[in-house]
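Okay, so here's the structure we're looking at.
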Amino acid sequence: MARRILIVEPDPKNARDLFLLFHSEGSRSPHARYEPQVATSLSEAVEKAQTIRFHCVILDVNLPEMKGYEAAPLIRTINNSPPVIVVATGNTPELERRVREQNVFYYHLMSFDQNELRMAVENIFEKLPALRESRKPSTGAVTPILLKPLQSFQKQDKRTEDANTKTSDD
């Protein structure tokens with residue numbers, strides 16, 4: 001089985017390193033054949049996710065359009081709920097809280113050994129049948145959706161934040 005991984009990473013060096021990590025890993029073992037694809041922006045990732053079913057998505061926390069953890073639910077909606085790993089070069093307690101609120105499979109700090117990230121991806125594929133079962137849509141079918149431009153989502157989020165701020169100030 002080809003194990004398709006979508007890597008969403010705006011930094012060219014990090015994108016190349018992650019691609020090579022999984023491309024070379026897949027070439028070493030016929031049992032762990034990975035097919036990584038790279039997107040450098042969320043809009044590019046959305047395009048790919050609409051046409052290819054990925055088994056795992058690795059999102060950088062700092063995407064050009066929005067935070068990677070905010071993009072996780074969007075990617076899940078488009079691509080039949082693949083497990084999401086969020087990667088970051090730095091961490092704060094607030095960032096970690098926000099990432100974990102999105103129910104990501106794994107949160108990886110790039111300063112850690114890449115072996116940890118590779119093991120997290122392997123873990124996803126070991127648990128994939130159980131993960132698929134727990135994330136099945138209620139109808140059992142994947143429903144294609146039409147996406148608004150990303151700016152629409154950002155404007156909607158801003159309006160929601162503004163409304164929440166007004167409510168909490170009252």
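Yes or no, residue by residue, for (1) touching an Asp or Glu at 6+ places or on another chain (Cβ under 8 Å); (2) modelled with pLDDT of 95 or more; (3) assigned to a helix (DSSP H, G or I); (4) more than 23 Å from Leu20 (Cβ to Cβ):
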site	(1), (2), (3), (4)
Ile75	no, no, yes, no
Gly90	no, no, no, no
Glu96	no, no, yes, yes
Asn115	no, no, yes, no
From the option list Ser24, Ser81, single residue qualifying as within 11 Å of the chain's Cα centre (by Cα) and within 21 Å of Phe125 (Cα to Cα) is Ser81
Among (1) touching a residue at least 60 places away in the same chain (Cβ under 8 Å); (2) assigned to a strand (DSSP E or B), Val86 falls short only on (1)
Within region 34-59, of all residues that are without any contact (Cβ under 8 Å) to a residue 40 or more places away in the chain and part of a strand (DSSP E or B), the one surrounded by the most Cβ atoms within 10 Å (Cβ to Cβ) is Pro36
Across (1) part of a helix (DSSP H, G or I); (2) without any contact (Cβ under 8 Å) to a residue 40 or more places away in the chain, Tyr107 clears everything bar (1)
Listed by first then second residue, the pairs whose first member lies in region 60-80 and is touching a residue at least 24 places away in the same chain (Cβ under 8 Å), whose partner is among the acidic types (Asp, Glu) and part of a loop (DSSP other than H, G, I, E, B), with beta carbons under 8 Å and at least 6 positions apart or on separate chains, are Asp60/Glu9; Asp60/Asp11; Ala71/Glu65
So is Val99 crowded, with 19+ Cβ neighbours inside 10 Å, β-branched (Val, Ile, Thr) and more than 24 Å from Pro129 (Cβ to Cβ) or not? yes
Scanning region 36-56 residue by residue, those touching a Lys or Arg at 6+ places or on another chain (Cβ under 9 Å) and of a type in the set (S, T, N, Q) turn out to be Gln37
All conditions in (1) among the hydrophobic types (A, V, I, L, M, F, W, C); (2) modelled with pLDDT under 95; (3) more than 15 Å from Val121 (Cβ to Cβ) are true of Leu18 except (3)
Note on Val87: of the conditions (1) more than 15 Å from Pro10 (Cβ to Cβ); (2) crowded, with 22+ Cβ neighbours inside 10 Å, unmet is (1)
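The values are calculated or read from the model by the stated rules, or taken from the named source; none is laboratory data. Bear in mind the structure is a predicted one, so any value in this text is a computation, not a measurement. Cβ: placed from backbone, ideal geometry, glycine included. Neighbour counts: every protein chain shown.
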